[in-house]
Amino acid sequence: MNESLKITSEQMQASVPVTVLHIGGWLDAQSEAQFLEAARTAYDGGARYLLVDMHDLDTITSAGMRAIQKVYQMYTPKEEHFKVSYVKLCNAPPQIYNVLGITGFLQNIPMYESLDDALETFGQD
């Protein structure tokens, strides 16, 4: 019963311009390339700050977490790892938040309860 991944993108203005990817459905091995392509397209279009809104995400697998990690590496210059968060997450449903927390995934990529809370932090690092 695998659901496809749905992605919409929008530009929002915080203290810096932020691209928001709203994702829903399943982020897994079948949709990993689709997610990476959406992030790459935004990056190639000039985006340097990315917020992933997980409000409608039903399932994330290890492949989905790997995809988010690849996006983190794409947006974060090597010399600035652990200094500035260019990629942030928000609105994870409890089951997704628990998986990301238990695996230690959230040690590098910050998670916020709401889109507005996350947007306020961009450019503040």
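Structure summary
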item: Diffusion constant of the chain at 25 °C, which comes from Stokes-Einstein with the Kirkwood Cα-pair radius and 0.890 mPa s, µm²/s; result: 171 µm²/s
item: Simple Cβ-charge dipole of segment 6-110, Lys/Arg +1 and Asp/Glu -1, about Cα centre, in debye nearest 20; result: 280 debye
item: Within the accessible area of segment 46-111 (1.4 Å probe), percent carbon and sulfur; result: 52 percent
item: J(HN,Hα) series, segment 41-52, from Karplus relation 6.51 cos²θ - 1.76 cosθ + 1.60, nearest Hz, glycine and proline x; result: 4, 4, 4, 5, x, x, 5, 10, 10, 10, 10, 9
item: Debye, to nearest 20: dipole size of segment 62-125, +1 on Lys, Arg Cβ, -1 on Asp, Glu Cβ; result: 400 debye
item: Crossing angle, helix 62-75 versus the chain [Cα axis fit, 0-90 degrees, rounded to tens]; result: 20 degrees
item: Taking N as its residue count, the alpha carbon Rg of segment 14-54 over 2.2 N^0.38 Å; result: 1.22
item: DSSP-defined beta bridges in segment 1-111 - what % are antiparallel, rounded to 5; result: 40 percent
item: Accessible solvent surface per residue of segment 8-125, calculated while the other protein chains remain in place, 1.4 angstrom probe, Å²; result: 50 Å²
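The values are calculated or read from the model by the stated rules, or taken from the named source; none is laboratory data. Values in this document were obtained by computation on a predicted structure and should not be read as measured data. Cβ atoms come from the backbone with ideal geometry, glycine included; neighbour counts cover every protein chain shown. All accessible areas refer to the heavy atoms of the entire protein, side chains included, with ligands and DNA or RNA removed. Shrake-Rupley method; radii C 1.70, N 1.55, O 1.52, S 1.80 Å.
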